[in-house]
Amino acid sequence: MEYLSKVSLDKKVYREYMIKISAVGTICLAGLILGIYSTAIKNYLFAVWYFVAFVLGLSYVIMRVNTVFPTYVATDGEKVYMSVWKNGVVPYTVPEKPGFLSDFIPERVKTDEILISDIDSLIIGSRKFLQRNLPEEEYPAILKRLDKDKHYDSMLKRMDFLYVRTADGENCFMSVTGFDIKELSALVEIIEKNCMGVTVKTNLPKLVRLRSKLNRA
């Protein structure tokens, strides 16, 4: 599909992820080889540890690939397309009670489609910013759960979100942490041009500056 604007990870962030994926992938492969070798020489204890390291490393690689490639937000001028992890927050499964192993289970990806003409407002910023600008009943249930869990607290403080409110109540949100802010600004501009009266709220400093420059031009 041809988009007028598509927003994904910033190139610098993308490169950092790819370096990590390559490094862990190499270690993961080494773990597999050493596991096979240890099995061959009947050193089963080391073989088990190497295979465990291989499985955990492989899970990490899958999740990071899941982070780099499938998530984005785009528009063709008529609709907004949000390709996002099913939980909207992280690329791994979020259980009812977080445990170490759950952080290594990759999350599935879904794609939401929203008619631009149905959009009432866009809220872009931190979880606290979402809380301040959304009615209690519209604040995402997954964030309500994670807000109460210290396991996720430091991570959530570093995250940014895009929340799309629609007139018919079918609201969508996703993490845009590490996304290219210039591309995000361009996408917001297209939405504003194609949806009269849409409200845009953000507390992302760079996005605020870009929008101020646009308004002055």
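The values are calculated or read from the model by the stated rules, or taken from the named source; none is laboratory data. Here the structure is a predicted model, which is why all the values come from computation and not from measurement. In this analysis, Cβ positions are derived from the backbone assuming ideal geometry, glycine residues included, and neighbour counts consider all displayed protein chains.
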Exercise for review: Only residues that are within 19 Å of Ile105 (Cβ to Cβ) and of a type in the set (Asp, Glu): list them for the range 15-60, please.
Suggested key: none
Practice item. Identify all residues within the range 156-199 that are touching a helix residue (DSSP H, G or I) at 6+ places or on another chain (Cβ under 7 Å) and of a type in the set (S, T, N, Q); write none if there are none. Key: Thr166, Asn171, Ser185, Asn194
Review point. Applying the selection to the range 190-213, what residues are crowded, with 16+ Cβ neighbours inside 10 Å, without any contact (Cβ under 8 Å) to a residue 60 or more places away in the chain and not hydrophobic (A, V, I, L, M, F, W, C)?
Key: Glu192, Arg211
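Do the conditions hold for Tyr14, that is, is it surrounded by 17 or more Cβ atoms within 10 Å (Cβ to Cβ), within 31 Å of the chain's Cα centre (by Cα) and not hydrophobic (A, V, I, L, M, F, W, C)? Give the derivation first.
Numbers: surrounded by 17 or more Cβ atoms within 10 Å (Cβ to Cβ): no; within 31 Å of the chain's Cα centre (by Cα): yes; not hydrophobic (A, V, I, L, M, F, W, C): yes.
Considered against the rule, which asks whether it is surrounded by 17 or more Cβ atoms within 10 Å (Cβ to Cβ), within 31 Å of the chain's Cα centre (by Cα) and not hydrophobic (A, V, I, L, M, F, W, C), Tyr14 comes out as no.
Does any residue of the range 164-185 turn out to be of a type in the set (Phe, Trp, Tyr), surrounded by 13 or more Cβ atoms within 10 Å (Cβ to Cβ) and touching a residue at least 40 places away in the same chain (Cβ under 8 Å)?
Start the filter on the range 164-185 by keeping residues that are of a type in the set (Phe, Trp, Tyr), which leaves 173, 179.
Still in the list and also surrounded by 13 or more Cβ atoms within 10 Å (Cβ to Cβ): 173, 179.
Filter again for touching a residue at least 40 places away in the same chain (Cβ under 8 Å), leaving 173, 179.
Looking for residues that are of a type in the set (Phe, Trp, Tyr), surrounded by 13 or more Cβ atoms within 10 Å (Cβ to Cβ) and touching a residue at least 40 places away in the same chain (Cβ under 8 Å), one finds at least one in the range 164-185, hence yes.
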Practice item. Residue by residue through the range 1-42, note down the ones that are at pLDDT 85 or above and within 23 Å of Val80 (Cβ to Cβ). Key: Tyr3, Leu4, Ser5, Lys6, Val7, Ser8
Check your understanding: Do the conditions hold for Ser117, that is, is it of a type in the set (S, T, N, Q) and either free of Cβ contacts under 8 Å to residues at least 60 places away in the same chain or surrounded by 14 or more Cβ atoms within 10 Å (Cβ to Cβ) (or both)?
Key -> no
